[in-house]
Amino acid sequence: MNEKIKFLVDSNLGKLAKWLRVLGYDTTCYSGNANRSFLTKAQKEGRVALTRKRDMAQRQFSGQLAVIEHDRVGEQLEEIVNKLSLEPEMDQILTICLKCNDKLKAVSKEEVSGMVPDYIFRRHSGFYRCPRCEGIFWPGTHRENVDQFLMTRIPRRHP
């Protein structure tokens, strides 16, 4: 993956963080309130700070900050894609663990034997594992649902 934009989201944007991870963006969540420490962390880690707190735009900050206006995750995703002119890459969708934010690793079918339901094991050949939480993932209906969601939210930038 080429050098991509990375995000730090405040505690009010957990669903947006998940969708940015779906798109393959390194996205971490800040557990405290969006404040000076939040901005400092974003700057130190080279991340775009995303928040819903409008007053954050008034703070002196040499990093990149986007104040999200919308309440719903679909509109928030569309907003940030447009604000930052993001171009989602088809081969990066669903490559990051939605819980841990780690890059998923391909594993052989044999490695997951007994760790996934039998019908999933029989039906699928490609599996991935999160190195942090050890969650196991496979291409299922999630990919179709993600594609449909993205087509409705960001049709002109859909991969």
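Expected output is a single nm value to one decimal: the length gained when fully extending between Ser125 and Met90, i.e. 0.36 nm times separation in residues minus the C-alpha distance. What is it?
Gain on stretching Ser125 to Met90: 10.6 nm.
Go ahead and run the numbers for FRET between Arg132 and Asn33, Cβ-Cβ distance against an R0 of 25 Å, rounding to 0.05.
With R0 = 25 Å, the Cβ-Cβ based efficiency is 0.45.
Using Cα atoms only, what is the angle between the long axis of helix 36-45 and the major principal axis of the chain, expressed in degrees (0 to 90) to the nearest 10?
Taking the Cα atoms of the chain, the angle to 36-45 is about 50 degrees.
Evaluated at 20 °C with a viscosity of 1.002 mPa s, what Stokes-Einstein diffusion coefficient in µm²/s does the range 105-150 have when Rh comes from the Kirkwood expression over alpha-carbon pairs?
189
Under the classification rounded if a/c is under 1.5, otherwise prolate if a/b is larger than b/c and oblate if not, where does the range 65-111 fall, given a ≥ b ≥ c as square roots of the Cα gyration tensor eigenvalues?
Judged from the Cα gyration tensor, the range 65-111 comes out prolate (a/c at least 1.5, a/b above b/c).
Check which residues have an amide H placed less than 5 Å from Thr27's amide H, if you skip close sequence neighbours.
It is Phe7, by chain and number.
Suppose a student asked you for the relative contact order of the range 52-159, using Cα pairs under 8 Å spaced at least 6 residues apart; what percent would you report?
Values: 96 pairs, mean separation 24.9, N = 108.
23 percent.
Using only the Cα atoms of the range 1-73, build the gyration tensor, take square roots of its eigenvalues as a ≥ b ≥ c, and label the shape rounded, prolate or oblate: rounded if a/c is under 1.5, else prolate if a/b is larger than b/c, else oblate.
Judged from the Cα gyration tensor, the range 1-73 comes out oblate (a/c at least 1.5, b/c at or above a/b).
Which ³J(HN,Hα) values in Hz, rounded to whole numbers, follow from the phi angles of the range 105-113 under the Karplus curve 6.51 cos²θ - 1.76 cosθ + 1.60, where θ = phi - 60° and Gly and Pro get x?
Once θ is set to phi - 60°, the couplings for the range 105-113 become 10, 5, 10, 6, 4, 4, 5, 9, 4 Hz.
With θ set to phi - 60° and the Karplus curve 6.51 cos²θ - 1.76 cosθ + 1.60, what are the ³J(HN,Hα) couplings of the range 62-71 in order, to the nearest whole Hz, using x for Gly and Pro?
Using θ = phi - 60°, the values come out as 8, x, 9, 10, 10, 8, 7, 8, 7, 8 Hz.
Looking at [x] 19.0, 62; [y] 17.1, 56; [z] 15.3, 48, which value of Rg and Dmax of the Cα atoms in Å comes from a calculation on the structure shown?
[y]
Can you compute the helix-only [θ] at 222 nm over the chain? Use -39500 (n - 2.57) per DSSP H run of at least 4 residues, normalise by all residues, nearest 500 deg cm²/dmol.
Numbers: 5 runs with 49 residues, N = 159.
Only helices count here, giving -9000 deg cm²/dmol.
Below 8 Å, C-alpha to C-alpha, sequence gap of six or more: please give me the relative contact order for the range 105-150 in percent.
That works out to 34 percent.
Under a 5 Å amide H to amide H cut-off, with H placed in plane at 1.01 Å, what residues pair with Ala34 once short-range neighbours are removed?
The answer is Ser11.
FYI, it's all coordinate maths here, none of it is from the lab. Treat the numbers as computed from the prediction; the structure is a model and nothing was measured. So basically every Cβ, Gly included, is an ideal-geometry build from the backbone, and we count neighbours across all protein chains shown.
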